[in-house]
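Just so you know, all these numbers are worked out from the coordinates, no wet-lab data involved. None of the values given here were measured: they were computed from a predicted structure. Because the Cβ atoms are built from the backbone with ideal geometry, glycine has one as well, and the counts that use them run over all protein chains shown.
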Amino acid sequence: MLQQSLKGYWRWLLIGAMLPGIFLGQMDNPLQHRVPRYLVRYNQGGLSLGLLQWPENLQAVRYELEIFSQVPEELDPEQPVEGAVYRDGEIYTNRILLDEGKLPSLDDGLPLFWRVRAYDLDGNPISSYSQPKELQTTLVRELRDAPVPRSRTEGENGMDLLYPVYSYTALPGAQQYEVEVLDQMPEQTEGILPSRHRVYAETTSLTDLYDKEPRIGTYYWRVRGMDGRGRPLGEWSLPEKVSLEPSGQVEVGIYGDSISHGGGHLSFSPADAAYSYAHYLTVPTVNLSESGDTSEMMVERFRRDVLPFRLKTLLIMGGSNSLRDGTDPDEVIADLKTMQALCRENGITPVLLTLAPINPGNIRKAFDEPTDRDWQESFRKVNAYIRTQPHIDVAAPFEAMGPELPTEMALDGLHGDVAMKQIMGQVINAHVKEFL
């Protein structure tokens, strides 16, 4: 979420002007593949990398991977192997790029074995170690010294995001990453230079980057690793193509904040379909939500982000961020009324979704953020208004569980984990056809 895209680009221009034979603005220059000497990983051909993947645990916050040279006769599925040659307990996705240089040679014929287990937020194992597998037969050699993008599954339900999230596997040695979005394929798929087709770029220390701009049409994105000073490690990943066309064929839109955008359980982003209630809907949708939105922000971007899609029905859920921050519930209700009016002015049927309760203790634990002490009364007042309008009551199942959202429904107290998103999807499926 860091906004350093232009700074990174101008830094490259400055370096290009200082180094003989390289000028980043001249992408057709035949010298563009000459690389400064300090970019040693690229000059020397990068690392020897291998991609290792395992089945996703949707309840995991992180994983631990261990690699060992011999399988003990009595292998305990609950205890680490003594003398493991490699161990990493800070893996936040179900795959990792391994630097083979940190392992015993994989080419000398001696087998290595690996297994993983999942952990919760408090550092407690929530699974046994997986069955050991031979590393040489499961490791996929990577030919690029670059992060591996998480490819978008074309046509996957609920994954048409107006505000995309770019997700990729960590690159060994990288301290930060630069994501580049392009309106055309880059001139070169090799090398380290930015493309002249760049329309947006941003740096982050994370392996998920939330785009701040809506993306309509066809575009491409790629990512590279960098050291702590912003110098490239390796090269760009191969570009990923994404298309979101407002064809008018998808008639239902989803409009909201991060609860509707997707993600949860701290380690999962909107790029993870299982953490989006849109994924469980039986009608095709386009997701126009943006993480972090208040109800006021939703009003401000309505015309720009909603109207191009020529929708017939819009599911609206907004106000949770406003209310937990102490905004007067009457202001949230006024924003909802404004969105309803904008819908009707443009031939769209607005369907309000009630706001599920939250858990202030878990929000503070996960994000170190306070919650307004009168949040329950504020939520009650807004939901009372929504229930007088055309609506779907997605909050009712969770209100029946108690005054606060149970931890098993949302580890972070707000966004909803898989079970919660599935329940929301079921409730919407039961009623959405009434409004189509």
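With a Cα cut-off of under 30 Å and a minimum spacing of 8 residues unless on different chains, the lysine pairs in the chain number 22. Each part gets one Cα centre, and for the range 278-297 versus the range 311-365 those centres are 11 Å apart. Panel note: the C-alpha atoms of the range 252-435, placed on their principal axes, show extents of 42, 33, 28 Å (largest first). Between Lys337 and Met297, the distance separating the two model label sites (each 7 Å from Cα on the Cα→Cβ line) works out to 2.4 nm.
Dividing the mean sequence gap of close Cα pairs (under 8 Å, 6+ apart) by how many residues the chain holds gives a relative contact order of 13 percent. Starting from the Cα gyration tensor of the chain, take the square roots of the eigenvalues, sort them a ≥ b ≥ c, and report rounded, prolate or oblate (rounded when a/c is under 1.5, otherwise prolate if a/b is larger than b/c, else oblate). Because a/c hits 1.5 or more and a/b fails to exceed b/c, the chain counts as oblate.
Just to verify a number: FRET efficiency for Asp368 and Glu408, C-beta to C-beta distance, R0 = 25 Å, to 0.05?
Values: r = 22 Å, r/R0 = 0.87.
Step by step, r from the Cβ atoms, then E = 0.70.
Sort 396-405, 264-273 by the packing proxy (mean of other Cβ within 10 Å over each peptide's residues), most packed first.
Final packing ranking: 264-273, 396-405.
Modelled spin labels at Gln422 and Gln389, positioned 7 Å past Cα toward Cβ, are 3.1 nm from each other.
Can you compute the charge dipole magnitude of the chain about its Cα centre, using +1 on each Lys and Arg Cβ and -1 on each Asp and Glu Cβ, nothing else charged? Give it in debye, rounded to the nearest 20.
Numbers: 41 positive and 62 negative charges, 270 e Å.
With only Lys, Arg, Asp and Glu charged at Cβ, the dipole is about 1300 debye.
Ellipsoid semi-axes for the range 49-142, based on the Cα gyration tensor and the rule √(5λ), read 22, 16, 10 Å when sorted largest first.
Label-to-label distance, Ala84 versus Val140, with points set 7 angstrom from Cα along the beta-carbon direction: 2.3 nm.
Taking the range 392-421 and a reference point 7 angstrom along Cα→Cβ of Gln376, the backbone N atoms nearer than 19 Å belong to 395-410, 413-414.
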